[in-house]
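To keep things clear, I will list the structure first and then write my remarks on it.
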Amino acid sequence: MLDIQDLRKDLAAVAELLKKRGFTFDTTKYTELEARRKNIQTETETLQAKRNAISKQIGMAKSKGEDVAPIMTEVVGLGEQLKKSELALMFVQTEMQKMILGIPNLPHESVQAGKDETKNVEVRRWGAPRTFDFAVKDHADVGAPLGLDFDTGAKLSGARFTFMRGGIAKLHRAIAQFMLDTQTEQHGYEECYTPYLVNYETLLGTGQLPKFEEDLFKIKTDIPDDPTAGEVAEVAATGATSLQYRTKQFYLIPTSEVTLTNTVRDEIVPLDTLPIKLTAHTPCFRSEAGSYGKDTKGMIRQHQFDKVEMVQIVHPDKSYEALEEMVGHAENILKALELPYRVVSLCTGDMGFSAAKTYDLEVWLPAQNTYREISSVSNCEAFQARRMQARFRNENGKPELVHTLNGSGLAVGRTLVAVLENYQNADGSVTIPKVLQPYMGGQEKLTIR
RNA sequence: GGAAAGGUGGCAGAGUGGUUGAAUGUACCUGACUCGAAAUCAGGCGUACGUGAAUAACGUAUCGAGGGUUCGAAUCCCUCCCUUUCCGCCA
């Protein structure tokens, strides 16, 4: 959510920045709503002030035992007028709120303007892609004989689900363990275990809702209300078949950024607790609506995948420092795994809704002969904090919005893909990266079953 | 899932229809006293929004959330959420 004050002060400048990231902001509609809001709010508050004053008079008069009838006549019709005005205010405020919640974050000045990923800027590369003296297979072909079982995944759930067995399943677990241990032991994050089902407010806080509902999996639970005896009789008598239901709506988290970041929702944290650094290994669920036909083979794009997430809640002055640090934390994982990668600064058009600046880490995939996204680290500045009302008490004791950052550290499934492809051998086996061997009971290779 | 109790300012804790944004205590800030500190005394001390040049002033909202009754609601009514305790069930 943007700062409403910024919208009021310099609407044109905000609209210009939004245009840079491909978002057309209807300033005419906004200006019109804002004018209406101002009118109605002034009117409503004037009426409220009047009501309060008269009610106070009545109270005073009554306590003195005076006759209140004359004062009462003054208030005739006021209630109705006020109700009408309050309703109109609520309506216009809801309209504006809807509009504002749908506006993406403003890009940081250092972000390259551009329409799509072709304008992303490569920042640096690390590691040299290995040369193979045999025909490289993609991860699906390497993994299949080792226990990567797409058929069973499809049977159980459908497309974009994977079943893993044996060494592959264990390697997958080893990768996650290694990442989590590195983030907690080397980089100072606190390990967390979080819910995978969250409520509406939580997703509103990090910006997935209300705009991107179609990307999420929804869980709806209908709990029948316990009908009283009277209602049961009524239902029986009328032959009605439907009971009253109370619906509980949950959403599966698309990333634990959601749960970790929302830990500070509606909180005012003391200054000295910053920065808050949290990490968690969780599954992530994405409907990937709108990605039909993309990466259909293999486990690049799944409805369910595991990720180790890093989140930092920081002082606004420190957020860009933290962004660089977090990119480093993600890079350290790839360095330890000795996987070649590059760091890319996303252009305005390729960034996510909540981000002011994003770096992607792209890992080398020999079978695709290209770098593919394996981590995304973003500074959301106060965008999420404002939605969440997440604040800290500043040097003067005043509440001020925190800045929030999140990043993958890393996507576990895609790391498995990268390991399978980069560490494959001519005989179909896969060498286990050194740092993962302790997590595999000292095993050095995955061999065909 | 059943039963009961409860959700009030940073914390503790009064308040059951009327000059209540809310007693009191505590924490915190300022001043006085002191060489300094403690203690004591005096004053101040929430948040959001609006009008506004303003971190001035004024107004509005806010006592878990939403709705209702009323001229007036922290207080009465309804719905929901959450917490605690006991019982049941369950991994």
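Each peptide in A:428-440, A:136-148, A:299-311 gets a packing score, the mean of other Cβ atoms within 10 Å over its residues, and the list from highest to lowest is A:299-311, A:136-148, A:428-440.
Against chain A, whose longest principal axis comes from its Cα atoms, helix A:229-238 is set at around 90 degrees. Charge dipole of segment A:26-101 (Cα centre as origin; +1 on each Lys and Arg Cβ, -1 on each Asp and Glu Cβ, all else neutral): 140 debye, rounded to the nearest 20. When the solvent-accessible area of segment A:26-101 is split by element, carbon and sulfur atoms take up 57 percent of it, the probe being 1.4 Å. Peptides A:203-215, A:72-84 ranked from most to least packed, by the mean per-residue count of other Cβ atoms within 10 Å: A:203-215, A:72-84. With 0.36 nm allotted per residue and the present C-alpha distance subtracted, the residue A:190-residue A:448 stretch has 89.1 nm of extension available. Counting other C-beta atoms within 10 Å, and keeping those with at most 12, which DSSP coil trypsin sites (Lys or Arg not before Pro) do you find in segment A:19-77? Loop-located and lightly packed - A:64.
Projecting the Cα atoms of A:366, A:345, A:356 onto the charge dipole of segment A:326-405 (Cβ charges, centred on the Cα centre) puts A:356 farthest toward the positive pole. Helices in chain A, meaning DSSP H runs of at least 4 residues, each add -39500 (n - 2.57). Divided by all residues, the mean residue ellipticity at 222 nm is -12000 deg cm²/dmol. Helix A:319-336 axis versus longest C-alpha principal axis of chain A: approximately 30°, rounded to the nearest ten.
Extending 7 Å from Cα along the Cβ direction at residue A:13 and again at residue A:93 yields two label points whose distance is 2.8 nm.
When the chymotrypsin sites (Phe, Trp or Tyr not before Pro) in segment A:84-142 are filtered for DSSP coil states and for at most 15 other beta-carbon atoms within 10 Å of their beta-carbon, the remaining sites are A:132, A:134. The alpha carbons of chain A give a radius of gyration and a Dmax of 27.8, 103 Å, in that order.
Computed over neighbours whose Cβ is under 12 Å from that of residue A:105, the net charge equals +2, Lys and Arg +1, Asp and Glu -1. Inter-label distance, residue A:294 to residue A:130: 2.9 nm, where each label sits 7 Å from its Cα along the C-beta direction.
Taking only protein heavy atoms and a 1.4 Å probe, what accessible area per residue, in Å², does chain A have with all protein chains in place?
Ligands and nucleic acids excluded, the figure is 50 Å² per residue.
Cα centroids of segment A:166-207 and segment A:381-449: 8 Å apart.
Quick one: Cα centre-to-centre distance for segment A:254-289 and segment A:114-139, in angstrom? Comparing the Cα centres of segment A:254-289 and segment A:114-139, I get a distance of 30 Å.
Within the accessible area of segment A:388-449, the carbon and sulfur atoms contribute 47%, probe 1.4 Å, all protein chains present. The GluC sites (Glu not before Pro) of segment A:378-449 that DSSP puts in a loop, and whose beta carbon has at most 13 other beta carbons within 10 Å, are A:395, A:444. Other residues lying with their Cβ under 11 Å from the Cβ of residue A:277 contribute a combined charge of -3, Lys and Arg counting +1, Asp and Glu -1. For the pair residue A:5 and residue A:86, the difference between a 0.36 nm per residue extended length and the Cα-Cα distance amounts to 26.9 nm.
Under a model in which nothing but the beta-carbon of Lys, Arg (+1) and Asp, Glu (-1) is charged, segment A:328-429 shows a dipole of about 560 debye around its Cα centre. In the neighborhood of residue A:383, defined by Cβ-to-Cβ distances under 15 Å, what is the net charge if each Lys or Arg adds +1 and each Asp or Glu adds -1? With Lys, Arg at +1 and Asp, Glu at -1, the net is +2. Rg/Rh, computed from the Cα trace of segment A:26-101 with Rh as the Kirkwood radius, has the value 1.20. Once the Cα atoms are used to define both axes, helix A:78-101 deviates from the longest principal axis of chain A by about 20 degrees.
Each label point was placed 7 Å from the Cα along the Cα-to-Cβ direction; for residue A:155 and residue A:200 their separation is 4.1 nm.
The values are calculated or read from the model by the stated rules, or taken from the named source; none is laboratory data. Keep in mind it's a predicted model, so treat the numbers as computed, not measured. Positions of Cβ are generated from backbone atoms using ideal geometry, with glycine treated the same way; all protein chains shown enter the neighbour counts. All accessible areas refer to the heavy atoms of the entire protein, side chains included, with ligands and DNA or RNA removed. Shrake-Rupley method; radii C 1.70, N 1.55, O 1.52, S 1.80 Å.
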